[in-house]
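For reference, the structure is listed below as structure tokens.
The values are calculated or read from the model by the stated rules, or taken from the named source; none is laboratory data. Since we're looking at a predicted model, the values are computed, not measured. Because the Cβ atoms are built from the backbone with ideal geometry, glycine has one as well, and the counts that use them run over all protein chains shown. Quick note on the areas: whole protein, heavy atoms, side chains included, nothing else; ligands and nucleic acids left out. Shrake-Rupley method; radii C 1.70, N 1.55, O 1.52, S 1.80 Å.
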Amino acid sequence: MAEGTVAVLAGGLSHERDISLRSGRRLSVALREQGLTVQEWDTDASLLSRLRDERPDAAVIALHGGEGENGSVQTVLEMLGVPFVGTSSEGCRRAWDKPIAKALVAGHEHTTPDWVALPHSTFRELGAQTVLDAMVDTLGLPLILKPDQGGSALGAQVVREAGELPAAMVGSFAYGDAVLAERFVDGVEVAVTVVERDGGPEALPAVEIVPEGGVYDYTARYTAGLTDFFAPARLSDETAKAVGDLAVGAHRLLGLRDISRTDAIVAADGSVHFLEVNSSPGLTETSTVPMAMEAAGTSLGVVFTDLVERAVRRGS
């Protein structure tokens, strides 16, 4: 790879475009520091022709949301036979759909908060208030409402009183056609990065997330100083192992590849609850993945250089 070219794919047209560009810039700098020749490509209508005309030796996907995580860009790379770092198109589709991911993980003896997922049409055709009442009867309060697809906590809101539900539902539908209502579990929020090495997927030290406002929303995620992070998380050895096992289990169950990040809650009784998994996690200055790598004694550049070399070796 010393003489090859790596294309870092970032940007795109999703709601998370700005975050993706930040991830792409940081990753590009880290790879260049390892001696790789890196080009930063904004992912737009010219992508397919550019891949054909300027075919890189490998691509790294630093896209968040939409086309970059739902398997679309991965499908294009697979069709053209361009080696890339990240999960295959099939695995992306499983992880991208939060209810499907929760169902698959829960089906293998892992714990995830109870949930229901409903499209906008159900609320429109059956009556929004009637459906919301049934939702509260089934799950109780508090709840967290969020789009069934997407990331960066866009459209997510914690609801503690029934009167807050209509506004939260509208906020979720601004970012997707279906809403996921999930029983809110109070506890320690952690993010667990999984990286594949020659021996298989390994969990890096969990990162504990303590947002100033109590909720790890979009602003808290990407505004420096609004969230405290502890890497490694302040967990007992037993609990740290449990969250690592959950993350590796989700990575395997969903067929993810190279790198992923699982978000989970450790409840007061020590139980670990799966929330969601991200197949293309953020790499910005406030993202938990680089923090986990530093806690493990490595760095963004070292880890991704190894992943690039793995992608080139496998050829896709």
- Percent RCO, i.e. relative contact order, over segment 138-268, from Cα pairs under 8 Å lying at least 6 residues apart: 25 percent
- How many Å³ per residue does the convex hull of the Cα positions in the chain occupy? 128 Å³
- Please work out the C-alpha center-to-center distance from segment 1-36 to segment 44-61 and express it in whole Å. 13 Å
- Value of Rg/Rh across segment 167-316 [Cα atoms, Kirkwood radius]: 0.98
- Have a look at L143, Q129, F184 and report the one farthest towards the positive end of the charge dipole of segment 116-198, computed about the Cα centre with Cβ charges (Lys/Arg +1, Asp/Glu -1). Q129
- Table column - 3J(HN,Hα) (Hz), segment 27-37, Karplus curve with 6.51, -1.76, 1.60, x for Gly and Pro: 5, 4, 4, 5, 5, 5, 5, 8, x, 7, 8
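How many percent of DSSP beta bridges within the chain run antiparallel, rounded to 5?
75 percent
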- Quick one: pull the percent of accessible area on segment 71-140 belonging to carbon and sulfur, 1.4 Å probe, ligands and nucleic acids left out. 54 percent
- So what are the radius of gyration and Dmax for the Cα set of segment 228-310, in Å? 13.3, 42
- the chain - charge dipole about Cα centre, Lys and Arg +1 at Cβ, Asp and Glu -1, debye rounded to 20: 600 debye
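Which value, in Å², gives the accessible area per residue of segment 2-125 when a 1.4 Å probe is used on the protein heavy atoms? Walk me through the numbers before you get to the answer.
Values: 5610 Å² over 124 residues.
So segment 2-125 comes to 45 Å² accessible per residue, rounded to a whole number.
Based on DSSP H runs of at least 4 residues, each adding -39500 (n - 2.57), what is the mean residue ellipticity at 222 nm of the chain after dividing by all its residues, to the nearest 500 deg cm²/dmol?
Values: 12 runs with 123 residues, N = 316.
Here the helix-only value at 222 nm equals -11500 deg cm²/dmol.
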- Item | Accessible area (Å², per residue) of segment 183-274, counting only protein heavy atoms and a probe of 1.4 Å | 43 Å²
- Rounded to the nearest 20 Debye, what is the dipole magnitude of segment 1-45 about its Cα centre when Lys and Arg each give +1 and Asp and Glu each give -1 at the C-beta? 140 debye
- Cα-based Rg (one decimal) and Dmax (whole number) for segment 123-177, in Å? 10.8, 30
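Can you give me the relative contact order of the chain as a percent, contacts being Cα pairs under 8 Å and 6 or more apart? Don't jump to the answer; show the numbers that get you there.
Values: 673 pairs, mean separation 65.5, N = 316.
After rounding, I find 21 percent.
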- Using a Gaussian network model of the chain whose springs link C-alpha atoms within less than 10 Å, name the residue from G86, G199, G282 with the highest mean-square fluctuation. G199
